[in-house]
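We did not get these values from a lab; they are worked out from the coordinates using the rules stated. Quick caveat, the model's predicted, so the values are computed rather than measured. Neighbour counts run over all protein chains shown; Cβ positions are idealised from the backbone, glycine included.
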Amino acid sequence: DTAVSQTPKYLVTQMGNDKSIKCEQNLGHDTMYWYKQDSKKFLKIMFSYNNKELIINETVPNRFSPKSPDKAHLNLHINSLELGDSAVYFCASSQEFLAGVADTQYFGPGTRLTVL
Amino acid sequence: GNSVTQMEGPVTLSEEAFLTINCTYTATGYPSLFWYVQYPGEGLQLLLKATKADDKGSNKGFEATYRKETTSFHLEKGSVQVSDSAVYFCALSDHMDRGAQKLVFGQGTRLTINP
């Protein structure tokens, strides 16, 4: 069974379109994340949700809107796509950060978004 | 803010060579430290972690020791294999409120092992 899954794996679209990427985890984790990996492989957090509540929003343009229908799902919707949005987007999940001990984050396989 | 600096890549070695990938960090407090590995076309997988000073994380022959005095977490392996070819990321966890943690990544080091 896949622990963290994302769909689609590849997404090619035109500038100005709106698209969504879905993420699901079956690990029973409370916290989910979206990361962006640019063409130089640099990874940066975008959002984090804990039990469907937004916790982290790292100055991402408001064209990006995460939605968490339940704690096992965290979808990413992107409006008015721009060329600079081309990247690989990774979803991840972990248990809650408790008692000062960081838990392992488990990553999905990634979605490669190409904006033409 | 907190940050992670990794040795610039790419790194190319022959099979059975000794590997070191340097990682240093800047942080307030005492973050947990991680090494993640990304094989071609795949997502990130945890390789090892250490949660406090002097802890040693180890997995699949890789090791790293959390050194508070030098703010380092260098990755080592005594004898690399072709299958170790991947991109390696050093990261620290930055605790946020309400149960979330933010991973701050280094820039990644691409490792290629030649037979």
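Quick notes
- Listed residues A:Gln14, A:Gln95, A:Gln37, most fluctuating in chain A (Gaussian network, C-alpha, under 10 Å): A:Gln14
- Dipole of chain A computed with +1 at Lys/Arg Cβ and -1 at Asp/Glu Cβ about the Cα centre; of A:Gln95, A:Ser5, A:Ile56, farthest Cα towards the positive end is A:Ser5.
- Backbone N within region B:1-32 under 20 Å of label point (7 Å from B:Asp54 Cα along the Cβ vector): B:29-32
- Entries of A:Lys19/B:Lys102; A:Lys71/B:Lys56; A:Lys19/B:Lys60 with Cα pairs more than 28 Å apart: A:Lys71/B:Lys56; A:Lys19/B:Lys60
- Electrostatic tally near A:Gly110: other residues with Cβ closer than 9 Å to its Cβ, Lys and Arg +1, Asp and Glu -1, net +1.
- Within chain B, percent of DSSP bridges classed antiparallel, to nearest 5: 90 percent
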